Structure formats: C-alpha cells, structure tokens
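*Asks:* Structure in structure tokens, see below.
Only the coordinates and a few stated rules stand behind these numbers; no lab work does. Owing to the predicted nature of the structure, the values given are computational and were not obtained by experimental measurement. Note that we place each Cβ from the backbone using ideal geometry, even for glycine, and neighbour counts take in every protein chain shown.
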Amino acid sequence: MKTLKKITCIFWLVLLGLIPVNRAFATQPDSLLVIHFAGDVVFANHFENYVGNRFDYPFKRFPEFSAADISMVNLENPLTTASIASEKPFVFKAKPVYVQVLQNGGIDIVTLANNHMYDYKEAGLLETIYHLDKAGIFHVGAGKNEKTARSAVIFHKKGLRLGFLAYYGLRRHSGCHPATADSAGTALRHLKYIRADIRALRDSVDFIFVNFHWGLEKEHIPQDEQIWFAHKTIDYGADMIIGHHPHVLQGIENYKGKYIAYSLGNFIFGGNSRRHESTAILHVSINTQTHTIQQVSILPVQVDNWQPHLLTGESAKAVLDSVKQYSTVFDYSGL
C-alpha cells in the first residue's frame with residue numbers, strides 16, 4: 001500500500017516545538033485559503049457543569065479556528081430552552097447563550113446533521129437555527145423542511161467559492177428525524193439526494209465539502225459500506241468528505257486525488273465525564289492562484305477540561321502515528 005505524505009513544514013515545526021503554537025497559524029496570506037474541521041462538539045452536561053458562564057474559556061488556548069479562513073465543527077446538541085425531549089436513552093441540550101462559545105472560538109459554520117439535533121424535537125431544532133442565525137454562524141444538514149435541510153452554504157473567500165453540505169441517517173429511528181416537505185429535521189444520507197445536491201451545486205462553486213455523521217462508535221476502521229458510499233460521493237463530484245460520530249479518530253483516504261477523513265472523533269465533548277482526551281483537527285489549505293488543494297494534514301490536539309490546545313513533541317507524534325496506522329487499510333492513504 002502506498003502512502004502519500006502530506007504534512008506541511010509549518011506543522012512539523014509546531015509538532016517539534018520549534019515555533020510557538022499561537023504564531024503557527026497567524027493571518028493567512030492571500031495565496032492560501034485555510035479551512036479547519038473538527039469533530040463532535042457538545043456543550044451540555046459535564047461541559048456546562050465545569051465551564052459555567054465562562055464563554056471565553058474553551059478556546060483560550062486554541063487560536064487555530066480564529067486564524068483560519070473557515071472553521072467548522074459538528075454541533076451535536078440543540079441550543080434550546082425546550083423541555084420536551086425525544087424518547088431515547090441519551091439526550092443533550094445546551095443553553096442558547098453558549099452560542100457565544102462558538103463565536104469566541106472563531107467557528108464560522110456548523111453541521112447539524114447528527115443523531116442529537118432533534119433531541120428536543122422540532123422546537124429545539126428551530127430554536128438552535130434561530131440562535132445560530134442571530135449570531136452569524138452558518139449551518140447545514142438540518143432545517144425547517146427537507147429543502148432547507150439539504151441546502152448548501154456557499155462561502156466566497158479570496159476569490160474562491162466553497163460549498164458545504166451535510167447528511168445524517170439512512171432512515172427514521174429514535175435518533176434520526178428526517179426533514180420532510182413540511183416538517184423540520186435532518187438531511188438523510190441518501191445517495192439520490194447527495195447526487196442531486198452536488199449536481200445542483202457543482203457549477204456554482206470551486207470546491208464541495210460534504211459532512212457525514214456515520215459509522216460505528218469506538219471503531220477506528222470504517223465499515224465497507226461507508227468506504228463504498230464515500231467513493232460514490234466523490235464520483236458524484238464532491239472534493240472532500242469529513243466524517244464524525246464514532247467518538248474516535250479514523251484514517252484518511254486519498255481516493256482519485258480527493259480526501260476522505262472518515263472520523264475526526266470528539267472535539268469538545270461534554271456528553272461524558274472524560275476530562276482529558278487526545279484528538280485532532282483537519283487542516284486544509286487551498287492555493288487561491290491555482291484553485292487546487294495544496295495541503296491536507298492532521299493537527300494533533302489535547303483537550304483538558306473541555307479546553308483544547310495543540311499538541312507538540314512525542315504526544316503529537318503518537319496521535320499522528322495512530323491516524324497513519326488507521327489509514328493503512330486504504331489502497332492510498334491521505335497521510
């Protein structure tokens with residue numbers, strides 16, 4: 001199996017501790033457009049108990065999102081005061097005021113296509129959308145009806161047009177409430193929808209990024225169905241796929257020159273009591289002159305008490321080595 005090494009010089013300097021982390025991702029030059037992706041974010045339960053109203057606390061040591069041109073996470077809880085929950089074993093909700101955490105962290109866009117966004121039913125989902133809109137944070141993957149749930153967000157940055165889509169679930173079940181023509185919910189992960197949405201978007205943008213909430217929890221290797229599904233999505237015209245849900249990191253595949261990050265794991269995840277966790281974010285740089293993806297790399301992260309910071313040295317290498325190992329199941333690794 002071949003391995004394509006795509007680690008930037010600046011990343012290795014950070015990894016080895018040769019330049020300060022807070023200087024590694026200063027304002028990006030016009031010749032590069034940088035996007036940072038992270039996995040699951042939950043501001044409920046243990047997060048709320050520890051952080052309280054310190055809205056600037058979570059990202060105090062993590063300037064990387066603010067420094068990027070676009071930063072995106074999977075927001076896995078509604079921001080709502082609704083009190084009627086869905087009937088399922090685990091439900092999450094966070095105080096609407098926690099939208100300030102996203103703002104302070106430099107988050108530009110979130111995917112709402114996940115198994116907890118309907119935890120407090122339609123009221124919780126619609127209230128979440130209201131607070132995100134009010135805060136100027138874009139969202140994809142859920143909406144007041146199927147049309148809005150499947151609608152793309154398009155950014156115009158540095159002469160580039162970048163489209164974002166997101167999907168979750170193959171059918172209705174306790175954790176999945178699909179949007180319909182006249183009811184709120186998430187965008188289903190159906191190939192016919194994805195193909196139609198990509199085709200409708202393709203001529204309007206330079207790049208298409210697709211988020212999938214999928215896979216088996218705690219598994220570091222994606223299922224064969226996911227790999228097949230990801231390949232079909234790339235074949236339909238997507239430029240990159242970003243996955244989450246397993247709560248752990250998985251490998252990165254290079255398929256026909258396009259990258260598939262199957263799972264970015266947890267990021268700031270208050271849904272459990274784990275106070276210390278190693279994870280990673282996905283760093284993507286695009287050459288604005290040639291309109292090509294110039295670099296894709298993993299940036300190892302440590303989250304202590306729901307506060308992330310970049311790892312350096314041997315700890316960072318351990319995270320990177322694990323993702324490289326998970327990537328060996330693919331014919332062509334993205335690392």
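*Asks:* Using alpha carbon centroids, what distance separates segment 119-178 and segment 200-227, in Å?
*Replies:* Taking the Cα centre of segment 200-227 as reference, the centre of segment 119-178 is 16 Å away.
*Asks:* For the pair Tyr193/Leu170, report the inter-label distance in nm, with labels modelled 7 Å from Cα in the Cβ direction.
*Replies:* Going by the 7 Å Cα→Cβ label model, 1.5 nm.
*Asks:* Quick check on segment 83-194: of the DSSP beta bridges with both residues there, what percent are antiparallel, nearest 5%?
*Replies:* 70 percent
*Asks:* Just grab the label-to-label distance for Ser31 and Lys157, each label 7 Å out from Cα along the Cβ direction, in nm (one decimal).
*Replies:* Each label point is offset 7 Å from its Cα along the Cβ direction, giving 1.9 nm.
*Asks:* When the Cα centres of segment 57-90 and segment 248-311 are compared, how far apart do they sit, in Å?
*Replies:* After rounding, the separation between the Cα centres reads 16 Å.
*Asks:* I've got another one for you. By the scheme Lys and Arg +1, Asp and Glu -1, what is the net charge of all other residues having a beta-carbon under 15 Å from that of Gly106?
*Replies:* Taking every other residue near Gly106 into account, the sum is -1.
*Asks:* Taking a ≥ b ≥ c as the square roots of the eigenvalues of the Cα gyration tensor of the chain, is the shape rounded (a/c under 1.5), prolate (a/b larger than b/c) or oblate? Let's see the in-between values first.
*Replies:* Details: a/c = 1.42, a/b = 1.15, b/c = 1.23.
Since a/c stays below 1.5, the shape of the chain is classed as rounded.
*Asks:* With each label point set 7 Å from Cα along the Cα-Cβ vector, what nm distance links Ser66 and Ser83?
*Replies:* 3.8 nm
*Asks:* I'd like to know which of Gln103, Ser285, His245 lies farthest towards the positive end of the charge dipole of the chain, counting +1 on Cβ of Lys and Arg and -1 on Cβ of Asp and Glu.
*Replies:* The Cα lying farthest towards the positive end belongs to Ser285.
*Asks:* Quick check: from the Cα gyration tensor, does segment 285-335 come out rounded (a/c under 1.5), prolate or oblate?
*Replies:* oblate
*Asks:* Here is a follow-up. How would you rank 98-104, 170-176, highest first, on the average number of other Cβ atoms within 10 Å across their residues?
*Replies:* 98-104, 170-176
*Asks:* Order of Phe207, Phe55 from fewest to most other C-beta atoms within 10 Å?
*Replies:* Phe55, Phe207
*Asks:* Relative contact order of the chain: what whole-number percent is it, with Cα pairs under 8 angstrom and at least 6 residues apart?
*Replies:* Value for the chain: 21 percent.
*Asks:* Name the residue, out of Glu87, Glu64, Glu48, whose mean-square fluctuation peaks in a Gaussian network model built on the chain with Cα pairs under 10 Å.
*Replies:* Glu87
*Asks:* Quick one: 3J(HN,Hα) in Hz for segment 41-47, Karplus 6.51/-1.76/1.60 with θ = phi - 60°, rounded, Gly and Pro as x.
*Replies:* With the stated coefficients, segment 41-47 comes to 10, 10, 9, 9, 6, 5, 4 Hz.
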